[in-house]
Amino acid sequence: MDTSTRMNDDEQDVKSIQAVLNGERNAFTSIVSRYTKVLFSLSYHMTGNREEAEEAVQEIFILIFRKLHKYNQEKRFYTWMFTVAVNYLKTLVRKSNRFSPNPDLQFDDSLQYELNTLQESSPENDLIRRESGKALQSALNRLPLKYRSVFILREVEGISIKETAAILRIPENTVKTLSRRGKDELKKIIVSLEWN
């Protein structure tokens, strides 16, 4: 997302938030329409389940609405919203305990895996992309939560290191470390899944 688009979104967010805080509940719909897609993507990649992600998005918006009075308008709403969302999703994933890493997986450090990006659109390439997406999500489901949240924010959502650090409330160097280690672990998991 370019800077001017982000700036317009920030201005829109401020107007919508002020309206909601002034009692105009309908103003919250503009926030919902603007951020449903991105929160669904985040929720889906964190949970690995479409239905659970849809429910999570609804719960996240309810949380945001309830906590809106705590939001510091001197900071970016986008970052605050993602903080609320990631915290909720981490709790959800921990409670479900379905996506914890499989302790029986054995990794061979010498194995390397690289996802090939298929540029041309054809039925075969589209199928391969869909299957690759499923394989990546399956691997993400096995990635420890501390790596998963950083990987999704950085690599899937394209959020900067600085903003990821703000969302997760950790130092930027920790984001870089977790990002690097998460990618390494993800490669190992994908290779392991391919060989099993």
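The values are calculated or read from the model by the stated rules, or taken from the named source; none is laboratory data. Worth saying up front: this structure is predicted, and the values here are computed from it rather than measured. All Cβ positions, glycine included, derive from the backbone under ideal geometry; neighbour counts span all protein chains shown.
Observations on the structure shown:
- Selection status of Phe107, modelled with pLDDT under 65, surrounded by 13 or more Cβ atoms within 10 Å (Cβ to Cβ) and within 24 Å of Leu39 (Cβ to Cβ): no
- Scanning segment 39-55 for residues that are under 16 Å from Thr83 (Cα atoms) and surrounded by fewer than 17 Cβ atoms within 10 Å (Cβ to Cβ) yields a total of 2.
One line per residue, one yes/no per condition, for (1) assigned to a helix (DSSP H, G or I); (2) at pLDDT 55 or above; (3) not assigned by TED's automatic domain parsing to the domain that holds Lys183:
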position	(1), (2), (3)
Thr117	no, no, no
Glu131	yes, no, no
Leu136	yes, yes, no
Glu163	yes, yes, no
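- Within segment 165-186, the only residue that satisfies the criterion of being outside any helix (DSSP H, G or I) and hydrophobic (A, V, I, L, M, F, W, C) is Ile170.
- Check on Val20, buried (at least 16 other Cβ atoms within 10 Å of the Cβ) and either without any contact (Cβ under 8 Å) to a residue 40 or more places away in the chain or under 16 Å from the mean Cα position of the chain (by Cα) (or both): no
- In segment 56-76, the qualifying residues are those that are among the β-branched types (Val, Ile, Thr) and in contact (Cβ under 8 Å) with a residue 24 or more places away in the chain, and the one that is surrounded by the most Cβ atoms within 10 Å (Cβ to Cβ) is Ile60.
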